[in-house]
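Working notes, beginning with the structure itself.
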Amino acid sequence: MLELHRADLIELPPVRQRPPNNVTARRVPGGVDIDTSPIRTTLRELGPLELYQVRRSATERLFNALIETHHYLGYSQPVGEHLKYLAFADGRPIAAFAWSSAPRHIGCRDRFIGWSAAARRRNIRFLAYNTRFLVMPWVEVAHLASHLLGRIARTLSDDWQRLYGHPLLYLETFVDPQRFRGTCYRAANWRVLGQTTGRGKDDQTNRRNRPIKNVLGYPLTPRFRELLESEGT
């Protein structure tokens, strides 16, 4: 019944009580001992960059600890389909990216795609959401963030296909305008679509209960609209 509710096929009554979630309540990842000496150089002089998908690998613990320690939102255990990436330069971690299944309802995104409610329910799995993006605080390299976004966009769908059995057609993220301008996304050709409503997915009051964020999107194929509107995707 929960799956039918999530697919908007039935409407369950509001949740009265939320039991502890053993998945999301896992122990907070501990710190790691790494070299944090400053890296201040140009992208060209930084040298070869190595980008690894670390989900279900021995390096996943390092990813979790870096996000917990250095990202302003900290680490939270994703639920559902998700991938994690670490970028290295000369063996040192310089950036981390997390991607998860996209939220079901984002008004400006849904209008931009132009899909019907039925198509959205059927094809939302072909969208991924950039939940965490961290350039390590000791790294100062101009254009590094947009360069890595471009690198990941070229490999993310194939990596998703290998782990979950289906590709991705579209990427999205949310940027808090009180903290960031989203410059690196724009430089990587992501498009600003609008803003969130400031209400969570379980909202019952139609009142804002969280910060409003800018919504940015990036199609992985020119045919994304055609494919996402298709009944046979």
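Only the coordinates and a few stated rules stand behind these numbers; no lab work does. The structure presented is a predicted model; accordingly, all values stated were derived computationally and were not measured. Positions of Cβ are backbone-derived with ideal geometry, glycine not excepted, and every protein chain shown enters the neighbour counts.
Quick notes on this structure:
- Only Cα pairs under 8 Å and 6+ residues apart enter the sum, and on that basis the relative contact order of the stretch 101-229 stands at 33 percent.
- Here the stretch 29-180 carries DSSP beta bridges of which approximately 75% are antiparallel, counting only pairs with both residues inside.
- Cut-off 14 Å between beta-carbons: net charge of the residues surrounding GLY194, Lys and Arg +1, Asp and Glu -1: +2
- Sequence of TYR72, TYR164, TYR185 once ranked by neighbouring C-beta atoms within 10 Å, starting from the fewest: TYR72, TYR164, TYR185
- Proxy reagent accessibility, fewest Cβ within 10 Å first, across THR183, THR69: THR183, THR69
- Listing LEU228, LEU193 from fewest to most neighbouring C-beta atoms within 10 Å gives LEU193, LEU228.
- Taking amide H as placed 1.01 Å from N in the peptide plane, the amide H of VAL54 sits under 5 Å from that of LYS84, TYR85, LEU86, each at least 5 places away or on another chain.
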